[in-house]
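S.K.: Mind having a look at this structure? Questions to follow.
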Amino acid sequence: MVRIIRWTEQSAKDLELIFDFISRDSEHYATLVIKEIFKTTERLESFPESGRVVPEFNVKTVREIILGNYRIIYRLNKDAVEILTIHHSSQLFRSRLSDFE
């Protein structure tokens, strides 16, 4: 089943912040990281349950894919995969699901 990938405002902001931070040292590397994040999320169109359940929430429909130091947190909906946030492991994790809505 192919699902639509939807990026929330928060996840779009996260991508922008990631790019801005990495590009301070290398715009080229920042571009590569963002492309890799997009490439990683594309698999969710066909394999939406391929990520693990986020342990902090333990909700079957809220999952994550680990990509290097990043946690790509997403929610499964009936016809879409909603990317909630891209979280860097060095930052404090917001442990309430409502923080991403």
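All of the numbers you see were taken from the coordinates with simple rules; none came from a lab. Note that the structure is predicted; figures quoted are calculated from it, not measured. Here the Cβ positions follow ideal geometry from the backbone for every residue, glycine too, while neighbour counts run over all protein chains shown.
S.K.: Run down the lysines and flag those whose C-alpha is under 20 Å from the C-alpha of residue 39, throwing out any fewer than 8 positions away in its chain.
M.R.: The qualifying lysines are 13.
S.K.: Please list, or write none, the lysines whose alpha carbon is within less than 16 Å of the alpha carbon of residue 60, excluding same-chain residues fewer than 8 places away.
M.R.: Partners within reach: 78.
S.K.: With charges set only on the Cβ (+1 for Lys and Arg, -1 for Asp and Glu), what does the dipole of the chain come to about its Cα centre, in debye to the nearest 20?
M.R.: In total the dipole reaches around 360 debye.
S.K.: Would you mind getting me the FRET efficiency between residue 43 and residue 91? Use the beta-carbon distance for r and R0 = 30 Å, nearest 0.05.
M.R.: Plugging the Cβ-Cβ distance into 1/(1 + (r/R0)^6) gives 0.75.
S.K.: Which value at 222 nm does the chain reach when only helices count, each DSSP H run of 4 or more adding -39,500 (n - 2.57), with the total divided by all residues and rounded to the nearest 500 deg cm²/dmol?
M.R.: Estimated from H runs of four or more residues: -10000 deg cm²/dmol.
S.K.: I've got another one for you. I'd like to know which of 4, 58, 83 lies farthest towards the positive end of the charge dipole of the chain, counting +1 on Cβ of Lys and Arg and -1 on Cβ of Asp and Glu.
M.R.: Final value for the positive-end residue is 58.
S.K.: Treat each spin label as a single point 7 Å out from the Cα along the C-beta direction, and report the residue 67 to residue 12 distance in nm.
M.R.: 1.7
S.K.: Using DSSP to define loop residues, name the trypsin sites (Lys or Arg not before Pro) in region 12-59 whose beta-carbon has at most 14 other beta-carbon atoms within 10 Å.
M.R.: Sparse-neighbourhood loop trypsin sites (Lys or Arg not before Pro): 24.
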